[in-house]
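So the structure is just underneath, and the comments pick up after that.
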Amino acid sequence: MHVVIVGNGVAGTEAALAIRRRLSPQDARITLISEEHPYFFSRTALMYAYMEKMQRRDLEPYEREMYRRQKIERIQNRVVDLDADAHTITLRSGATLSYDRLLLAVGARPRMVPFEGLEKVKDGLVHFVSMQDLDHCERLTWSTEEAVVLGGGLIGVELAESFVHHGLKVSFVVREPYFWPAALAAEEGEIIGEEIRRHGIELIVDQELKTIESDEAGRVSGVGLSDGHHLPAQMLGVAIGVVPNVDWLREVKSSPELGRGIRVDRSFRTSLPDVFAAGDCAEIGADGEVPLLETIWYSAKLQGQRAAGAILGDEVSYTPPIFYNSSKFFGIEYTTVGECVGVPSGTRSLYRRHESRPITQRILFDEAQVRGFSMLGSRWDHTLLQQWVAERRPLSYVREHLHRAQFDVEFGRVDLSKFQEEERTL
Amino acid sequence: MRQKGSLGWLKHDLTHRGPTAWLLTLGLFAFYFILYYGGRTLAGVPIPDLFTPIAQALHLPSKWTFYGLLYTLAIAIGGAYVIYKYRHNRYQVIRTSVVIFVQATLAFSVPWILTIFEQPEYYFSYLWPLKMEYFYPSTILSMPLPFILFSLLGSLIMVPLLGIFFGKRWYCSWVCGCGGLANTAGEPFRHLSNKSSKAWAFEKWSIHITLFLALLTTALVIASWGVGENYPVFAEQAASLRSLYGFVVATLLSGIIGVALYPVGGTRVWCRYFCPMAAILGLVQKFGRYRIRVKDNMCISCGMCSTYCEMGIDVRAYAQRNQDFVRASCVGCGICAEVCPRGVLRLENRWRRDPQELSMDALLNETYRG
Ligand SMILES: Cc1cc2nc3c(=O)[nH]c(=O)nc-3n(C[C@H](O)[C@H](O)[C@H](O)COP(=O)(O)OP(=O)(O)OC[C@H]3O[C@@H](n4cnc5c(N)ncnc54)[C@H](O)[C@@H]3O)c2cc1C
Ligand code: SF4
Ligand code: SF4
Ligand code: SF4
């Protein structure tokens, strides 16, 4: 059997490894194709390479030896065509490759909107998603004094932090009234906002980007905001989200059914025979269900592993685990579990704030049970929090046992009794 | 990408094996060479002794005390930098303060003060098999009783016992001067250690070979002390093994190679590949209570932990497999946990993982429902 995997991100690579664990090289030939980089690397660590905390080679989670040992073939090229009847794909180099099973793990690409003045821009506008974006940022940094970052999400903060590290004067433009309302309540958003400002970034909320200005050479020279303000900038980082990377699939010979992403059922099958999809590009759900798009690392990893099972003929029915994630905004750690994002208004929450430090806990609950956690400023064991949500524990139980889920370093545990506590309805 | 400006260049060059780093290594080599061989002649060429005059000018008893002073300064200054850098992490602040304190007192002032009172110069921070001499009968007999007891009890009981409870870290990250220097002045060079599985394979052999040599030398020296008078050839052999071990292991590996290679090979080269004490503690911690706990499914494989592990452990390899681990070479410095942007790792001293009624797998597969 020849399994061809397009995309060597975490979904594609984990799928390849999962298949190899079960089938020897005699039984399965595995080919990984990606145009971005010959080896799997961690997209999540791009900012550390940009800030020189890491060397590019260290971004690779597996030793290069591993591919040789596991007999996983790699091709660095772009897939430009797919013929499901002939079971072949075509590369930009012109070569065709036949497959028995095909996994599309092509990830996501940065979202863009047609800003005014965009057509004149030839240089200076950057995204921060791919290795090529990193190259681009690195090339421009030397000739940049001022930068603007657009978009109040995680990639935006990472980009802003990297710019600050390189001594640029950074303005961070967010459309919403505070930072990241998609995931944080107003109080937490304010705390993060303070942290962002404390690092010398001008955080501009409630503003949209109106125009992009560029000089004669086509290099970004500044931006205009919706209130008429003008910000000079030689670099403009646009981080307003990612969308599944599926546009190229509209032009291929046999195109799988597409929604916002590649439509797959709960066993990762597309509408084409022997073609599967997983990771950031996959939109999961049977007919009639609200399709599910998860663009986070753990999901892509889990989906890749599950899709491998489906490719090998297992009965697979993917349901995402109770949501969890964690991140860091400059120095502030953040853990979220369960329902925290876009909850209906009227949801009750217990909001706990440390007397003097930027440490908070928000526990969302209803009469019967806790529903979600949003923890800022200290470390938490999400497995336990997740367990409490799954077990439908009531708020009283969770409050009493909260310390069990603390994951701070030795000597560094915050005293949970030192928190001011009040109920806040969202 | 390095920061702009000439300071950015220098910082990058020094910490990424550039010419400045090589120069520093060369300088350190020269320093150690003169320190060890100054005043002697090698192959007919006299080596100038630069440090004795400095020591005299400072009214220090010998160039070794002067070296101790430099070492203590390096740990204190490097330590201040580390405390500042990790000021939000209480574990690192306390650990580094202890390292500085131990070096300044037990490893520097106390031995020096002892000589002022005409006592033998004794370092309370070193134990066998790191300090082999403390187990040689000739040394033991020249010591006052409390020192003998400290050597014996410390090495044979305290080391393994604390190792069982706290792993190697109580010694290698809190007490030992060698590790102290690596964790403080060596901090900017952490990321240079070799993470490859080849290095791991080498480390497993090399460290156990030095341990074997250390045990053999100790045994032979003790035996020759007991029976040496009757077997002069044996005594001679034992003595030459003893001095060979002293030269290769103590001088070459721990001093010259151990420290001078910091800027190009990363810190802890000696600790990881050669230290016999590390070998013993590593074995003990494998079976003890110490472990690095990994939060399930939370690792984003970014690799910060592996990059900053000064023992070259590929922490990420465990974290992305959701596997708690103890590696023999792990010195429990806690930096992997500190730099992890997702708070996935924690050093733990428990026999078992926190008992949980429900495992993560059960949660993912939803078996908890039925
Ligand atoms: C800066 C940044 C920070 C992030 N931080 C976090 C975080 O902290 N936590 C978290 O959970 N998630 C984070 N994410 C999201 C996470 O990285 C993604 O969810 C994950 O990488 C998705 O993996 P994937 O395998 O689906 O796709 P990808 O990693 O995107 O891999 C897809 C690959 O396919 C290749 N490809 C696409 N089309 C073709 C073609 N036609 N021919 C050949 N190759 C093709 C692409 O070049 C790419 O290499 C972050 C993302 C970014 C960009
Ligand atoms: S490995 Fe040896 S030299 Fe290094 S810190 Fe531990 S005991 Fe000291
Ligand atoms: S694994 Fe972590 S605690 Fe152990 S030596 Fe490496 S960085 Fe230190
Ligand atoms: S630093 Fe944390 S998230 Fe990154 S690879 Fe290590 S354990 Fe995983």
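Are any residues in the range A:59-78 outside any loop (DSSP other than H, G, I, E, B) and touching a Lys or Arg at 6+ places or on another chain (Cβ under 8 Å), and if so, which ones? Talk me through it step by step, then tell me what you get.
Start the filter on the range A:59-78 by keeping residues that are outside any loop (DSSP other than H, G, I, E, B), which leaves A:59, A:65-69, A:72-76.
Answer for the range A:59-78, where residues must be outside any loop (DSSP other than H, G, I, E, B) and touching a Lys or Arg at 6+ places or on another chain (Cβ under 8 Å): A:Tyr67, A:Ile72, A:Glu73.
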Checklist line | Search result, residues across the range B:192-211 that are more than 11 Å from B:Tyr273 (Cβ to Cβ), within 14 Å of another protein chain (Cβ to nearest Cβ) and surrounded by 14 or more Cβ atoms within 10 Å (Cβ to Cβ) | finding: B:Leu192, B:Lys195
Margin query: Under 7 Å between Cβ atoms, which residue pairs at least 6 apart in sequence (or on different chains) link something in the range A:53-70 that is facing another protein chain (nearest Cβ under 9 Å) with a partner that is at pLDDT below 95?
Written below: A:Pro61/B:Gln320; A:Glu63/B:Ser196; A:Glu63/B:Ser197
Next item on the list: Please identify the pairs in which a residue from the range A:152-165 that is among the β-branched types (Val, Ile, Thr) has its Cβ atom under 8 Å from the Cβ atom of a residue that is in a helix (DSSP H, G or I), counting only partners at least 6 apart or on another chain.
Entry: A:Val157/A:Ile196
Next item on the list: Check off (1) within 16 Å of ligand 1 (Cβ to nearest atom); (2) touching a strand residue (DSSP E or B) at 6+ places or on another chain (Cβ under 6 Å); (3) among the hydrophobic types (A, V, I, L, M, F, W, C) for B:Val326 and give me the number that stays unchecked.
Entry: (1)
Note to self: Quick check on this structure: which one of A:Ile30, A:Ile19 is more than 14 Å from every other protein chain (Cβ to nearest Cβ), buried (at least 22 other Cβ atoms within 10 Å of the Cβ) and either closer than 30 Å to A:Gly167 by Cβ or touching a Leu at 6+ places or on another chain (Cβ under 7 Å) (or both)?
What the structure shows: A:Ile19
Next item on the list: Scan the range A:314-360 for residues that are within 9 Å of another protein chain (Cβ to nearest Cβ) and under 22 Å from A:Gly279 (Cβ atoms) and report the count.
Entry: 7
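Listed here are the residues, each with its yes/no results for (1) within 16 Å of ligand 2 (Cβ to nearest atom); (2) under 19 Å from the mean Cα position of the chain (by Cα); (3) surrounded by 17 or more Cβ atoms within 10 Å (Cβ to Cβ); (4) among the charged types (D, E, K, R).
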| site | (1), (2), (3), (4) |
| --- | --- |
| B:Leu141 | no, no, no, no |
| B:Pro146 | no, no, no, no |
| B:Val175 | yes, yes, yes, no |
| B:Thr184 | yes, yes, yes, no |
| B:Glu187 | yes, yes, yes, yes |
| B:Arg190 | yes, yes, yes, yes |
| B:Leu213 | yes, yes, yes, no |
| B:Thr217 | no, no, yes, no |
Next item on the list: Output the helices (runs of 4 or more DSSP H) that fall wholly within the range B:203-297 and possess 1 or more residues being closer than 25 Å to B:Pro137 by Cβ, or say none.
Entry: B:232-245, B:276-287
Next item on the list: Name the strands (runs of 3 or more DSSP E) wholly inside the range A:97-180 in which the number of residues that are under 30 Å from A:Pro256 (Cβ atoms) and more than 19 Å from the chain's Cα centre (by Cα) is 2 or more.
Entry: A:101-104
Check: Residues in the range A:374-404 that are closer than 23 Å to A:Pro320 by Cα and within 14 Å of chain B (Cβ to nearest Cβ): how many?
Finding: 15
Margin query: Condition check: of a type outside the set (Asp, Glu) and not assigned by TED's automatic domain parsing to the domain that holds A:His382. Does A:Thr336 satisfy that?
Written below: no
Next item on the list: Output the residues belonging to the range B:26-60 that are under 27 Å from the mean Cα position of the chain (by Cα) and not in a helix (DSSP H, G or I).
Entry: B:Gly38, B:Leu60
Next item on the list: For the range B:303-338, name all the residues that are within 13 Å of A:Val409 (Cα to Cα) and crowded, with 21+ Cβ neighbours inside 10 Å.
Entry: B:Gly332, B:Cys333, B:Gly334, B:Ile335, B:Cys336, B:Ala337
Checklist line | Residues that are hydroxyl-bearing (Ser, Thr, Tyr) and more than 18 Å from the chain's Cα centre (by Cα), drawn from the range A:266-309 | finding: A:Ser267, A:Thr270, A:Ser271
Next item on the list: With the condition kept exactly as written, say whether any residue in the range B:292-311 is within 12 Å of chain A (Cβ to nearest Cβ), within 16 Å of ligand 2 (Cβ to nearest atom) and within 16 Å of the chain's Cα centre (by Cα).
Entry: yes
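The values are calculated or read from the model by the stated rules, or taken from the named source; none is laboratory data. Keep in mind the model is a prediction, meaning the values are calculated, not measured. Positions of Cβ are generated from backbone atoms using ideal geometry, with glycine treated the same way; all protein chains shown enter the neighbour counts.
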